[in-house]
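The structure appears below as structure tokens.
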Amino acid sequence: MEQKERTFADGFIFKRREDAPDFVVGALSVKVDEAIAFLRNNEKNGWVNLDIKYGRTGNAYVELNTYESKKNVDSTPTQQQPKSKPAPVQQEDEDEDLPF
């Protein structure tokens, strides 16, 4: 499997505090000037997707998610086959003779 070069998200730092309560995932710090430049340079259709990962050392980092769907962008609805829905399964209701 070919490994793509990683693009670390400039201006974003994610930290997990060990003493934080379970409902706190972590803290994200944003260095505004670096983050804005990074976002502008990496946006596609107005969005930038970032992944928060753990490195080999156990430290968290923020990386640009470069995944692109393999869907054929040029296909039109007339070219696609409609998906048929399976017929609903009729189940006997054991509670039919209950008064409530």
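FYI, it's all coordinate maths here, none of it is from the lab. If you're wondering where the values come from, they're calculated on a predicted model, not measured in any experiment. Note: ideal-geometry Cβ built from the backbone for every residue, glycine included; neighbour counts use all protein chains shown.
So in region 19-42, with the set limited to residues that are among the acidic types (Asp, Glu) and in a helix (DSSP H, G or I), which one is farthest from the chain's Cα centre (by Cα)? Outline the logic, then answer.
Of region 19-42, the ones among the acidic types (Asp, Glu) are 19, 22, 33-34.
The next check asks that each one be in a helix (DSSP H, G or I); those that pass are 33-34.
On the way: ASP33: 24, GLU34: 22 Å.
The residue in question is ASP33.
Just checking, how many residues over region 1-24 are out of contact with any Leu (no Cβ under 8 Å at 6 or more places or on another chain), surrounded by 12 or more Cβ atoms within 10 Å (Cβ to Cβ) and within 16 Å of VAL62 (Cα to Cα)?
3
Output the number of residues of region 42-66 satisfying the condition of being surrounded by 12 or more Cβ atoms within 10 Å (Cβ to Cβ) and among the small types (Gly, Ala, Ser).
Looking only at that region, the number is 1.
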